[in-house]
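Undergrad: Can you keep this structure in mind? I'll have questions shortly.
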Amino acid sequence: MISQLSWKIGGQQGEGVESTDRIFSTALNRLGYYLYGYRHFSSRIKGGHTNNKIRISTNPIRAISDDLDILVAFDQESIDLNAHELRAGGVVVADAKFNPVLPEGTNARLFPVPITSIAEDLGTSLMKNMVASGASWALLGLPIDVFNKAVEEEFGRKGPAIVEKNVEAVKRGSDFVLDLAGGPLEEFQLEPADGKQKLFMIGNEGIGLGALAGGCRLMAAYPITPASEIMEYLIKKLPKLGGTVVQTEDEIAAVTMAIGA
C-alpha cells in the first residue's frame, strides 16, 4: 500500500471538471486524508482546457506533487497536455467517445471508458463527471458508500431522483472500469487514513476568512474567474458581522469604490 497519490482531471471549461474535483475531494476528506490541490483555468473567455490536480496523503502536505498517478481525461487535449506528468505505470481513464491515444513514449495504461455514452443512457451527458469519478474512485479500491454520500450532499437539494441517477452513474463507471482492469489496482491502494475530517476549503475561501479575521467589513468586487469564490464566500459571511459586499459593474468601478475615489 502507498501513503500518497496524485490524481488529476482535465477537460474543457464547462464540462464539470470543477464539480468532479469537489466531490472527489469531499469524499477523500470524509475518509480523513490530507489533501492539497491546484486548479488550472484557460485564459480564453469562451472556454479552453482546464484541469484540477489533487495530492492525497495520509500525512500533512504543503505542496502539490510534480508527478501524476491517475489522469481522468474528457478529451484528447487533456491527455496531450498532461501525460508528461504521469509516472511510469500511471493510469489514464479517458472518455472512449474521442478514441483516446497516449502520446508516443508514454509509459502508462489507458482505460477507455464510454463516459459520455453511459451518462446519456441515464438521461443526460451532464452526468459524465459522475461516471468518470466512479471509474477513478473504483481503481483506488476505496469504499463506494463514502463517495455516494458526497454525491448525495452535492445533489441533495435537487431531489432524490437526481441523487439516484448520479449514484447510478457512479456505479456504472465503477463497474465498467473494474471489468477493464480486472479489479482495483493493487499498486494504487492507499493506506487507510485516520477517519478524522480536516479543515477543508479552497484557497479563495482562505483569503476570505483571512480578510474577515483582519477586520474587513466591505468588499467592492466584480466576479471573475479564478477569484469569484472570494466574493461568494464573503457574501455569505460579511452580513453576519455587520458588513456587506457590493457587486460593481466592472473591475475599475470596484477599485474606485474600494479606495473611495
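The values are calculated or read from the model by the stated rules, or taken from the named source; none is laboratory data. Given the structure is predicted, the values throughout are model-derived calculations rather than measurements. Glycine also receives a Cβ, built like all others from the backbone with ideal geometry; neighbour counts cover every protein chain displayed. Each accessible area value is taken on the protein alone, full model and side chains, heavy atoms only, with ligands, DNA and RNA left out. Shrake-Rupley method; radii C 1.70, N 1.55, O 1.52, S 1.80 Å.
Undergrad: Taking Lys196 as the anchor, which lysines have their alpha carbon closer than 17 Å to its alpha carbon, excluding any fewer than eight residues away along the same chain?
TA: Within reach: Lys149.
Undergrad: Can you tell me the 0 to 90 degree angle between the C-alpha axis of helix 17-31 and the longest principal axis of the chain, rounded to 10?
TA: 80
Undergrad: Sticking with this one: Could you derive backbone 3J(HN,Hα) for the range 171-181 from the dihedral phi with the Karplus parameters 6.51, -1.76 and 1.60 (θ = phi - 60°), listing whole Hz in sequence and x where the residue is Gly or Pro?
TA: 5, 5, x, 5, 4, 5, 5, 5, 5, 5, 8
Undergrad: What part of the accessible area of the chain, given as a whole %, is carbon or sulfur when the probe is 1.4 angstrom?
TA: On the way: 7040 of 13120 Å².
Carbon-and-sulfur percentage of accessible area, whole number: 54.
Undergrad: Something else about it: Calculate how large, on average over all directions, the projected area of the Cα convex hull of the range 1-89 is; give the answer in nm² to one decimal.
TA: On the way: hull surface 24.5 nm².
So the Cα hull casts an average projection of 6.1 nm².
Undergrad: Say a site is exposed when it is one of the GluC sites (Glu not before Pro), sits in a DSSP loop, and has at most 12 other Cβ atoms within 10 Å; what is then the longest site-free stretch of the chain? Display every interim value, and only then the final one.
TA: Details: sites that count: Glu104, Glu249.
It runs 105-248.
Undergrad: Tell me which lysines have Cα within less than 24 Å of Lys97's Cα, excluding those fewer than 8 residues away on the same chain?
TA: Lys8, Lys46, Lys53, Lys128, Lys165, Lys171
Undergrad: What is the spread of the Cα atoms of the range 101-202 along each of their three principal axes, largest first, in whole Å?
TA: Principal extents (Cα only, largest first): 45, 38, 27 Å.
Undergrad: Using just the alpha carbons, could you tell me how many Å³ per residue the convex hull of the range 1-153 encloses?
TA: Values: hull volume 17.7 nm³, N = 153.
Per residue, the Cα convex hull of the range 1-153 comes to 116 Å³.
Undergrad: Skipping prolines and chain starts, which residues have an amide H placed within reach, meaning under 5 Å, of the one on Val91, given they are 5 or more residues away or on another chain?
TA: The list, which skips near neighbours in sequence, is Ile70, Leu71, Arg109.
Undergrad: Taking the Cβ of Ser78 as the centre, find all other residues whose Cβ is under 10 Å away and add up their charges (Lys, Arg: +1; Asp, Glu: -1).
TA: Values: positive: Lys8; negative: Glu15, Asp75, Glu77, Asp80, Asp95.
Around Ser78, the surrounding residues sum to -4.
Undergrad: Give me the one-decimal nm value for the distance between modelled label points at Thr106 and Asp175, 7 Å along each residue's Cα-to-Cβ direction.
TA: Distance between the two pseudo-spin positions: 2.8 nm.
Undergrad: With a bin width of 5 angstrom, please list the P(r) values of the range 157-261 as percents of all Cα-Cα pairs, from the 0 bin to the one holding the largest distance.
TA: Once binned at 5 Å, the Cα pair distances of the range 157-261 give 2, 10, 12, 12, 11, 11, 11, 10, 9, 7, 5, 1, 0, 0.
Undergrad: Contour minus end-to-end for Gln13 and Glu153, with contour as 0.36 nm per residue of separation and end-to-end as the Cα-Cα distance?
TA: So the extension gain works out to 48.1 nm.
Undergrad: How would you rank 177-185, 106-114, highest first, on the average number of other Cβ atoms within 10 Å across their residues? Please list the in-between numbers first.
TA: Values: 177-185: 15.6, 106-114: 17.9.
So the order, starting with the most tightly packed, is 106-114, 177-185.
Undergrad: Once label points are set 7 Å from the Cα along Cα→Cβ at both Glu249 and Ile207, what is their separation, rounded to one decimal in nm?
TA: Label-label distance for Glu249 and Ile207, simple model: 2.5 nm.
Undergrad: Tell me which residues come under 5 Å, amide H to amide H, from Gly48 once H is placed; ignore anything under 5 positions away on its chain.
TA: Here the answer is Gln13, since their amide H atoms fall under 5 Å of that of Gly48.
Undergrad: Quick check: the angle from helix 228-237's long axis to the longest principal axis of the chain, C-alpha only, nearest 10 degrees?
TA: 60
Undergrad: Oh, and also: Once the convex hull of the C-alpha atoms of the chain is built, how many Å³ does it hold per residue, rounded to a whole number?
TA: Numbers: hull volume 38.8 nm³, N = 261.
Dividing the Cα hull volume of the chain by its residue count gives 149 Å³.
Undergrad: Turning to a different aspect of this structure: Can you tell me the 0 to 90 degree angle between the C-alpha axis of helix 203-213 and the longest principal axis of the chain, rounded to 10?
TA: 30
Undergrad: Have a look at the DSSP beta bridges in the chain and tell me what percent are antiparallel, nearest 5. Kindly include the intermediate steps, with their values, before the conclusion.
TA: Numbers: 16 of 36 bridges.
Once the DSSP bridges in the chain are tallied, antiparallel ones form about 45 percent.
Undergrad: Round to the nearest 0.05 the FRET efficiency obtained for Lys237 and Ala63 when R0 = 30 Å and r is the Cβ-Cβ distance. Show your work: numbers first, answer last.
TA: Numbers: r = 28 Å, r/R0 = 0.92.
So, using R0 = 30 Å, E works out to roughly 0.60.
Undergrad: Just subtract the alpha-carbon distance of Cys216 and Ala88 from 0.36 nm times their residue separation and send over the number in nm, one decimal. Don't skip to the end; give the middle numbers.
TA: Details: separation 128, 0.36 × 128 = 46.08 nm, distance 4.80 nm.
That works out to 41.3 nm of additional length.
Undergrad: For the range 131-141, take each phi angle, set θ = phi - 60°, evaluate the Karplus expression 6.51 cos²θ - 1.76 cosθ + 1.60, and give the result in whole Hz per residue in order, putting x for glycine and proline.
TA: 5, 5, 4, x, 5, 6, 4, 5, 5, 7, x
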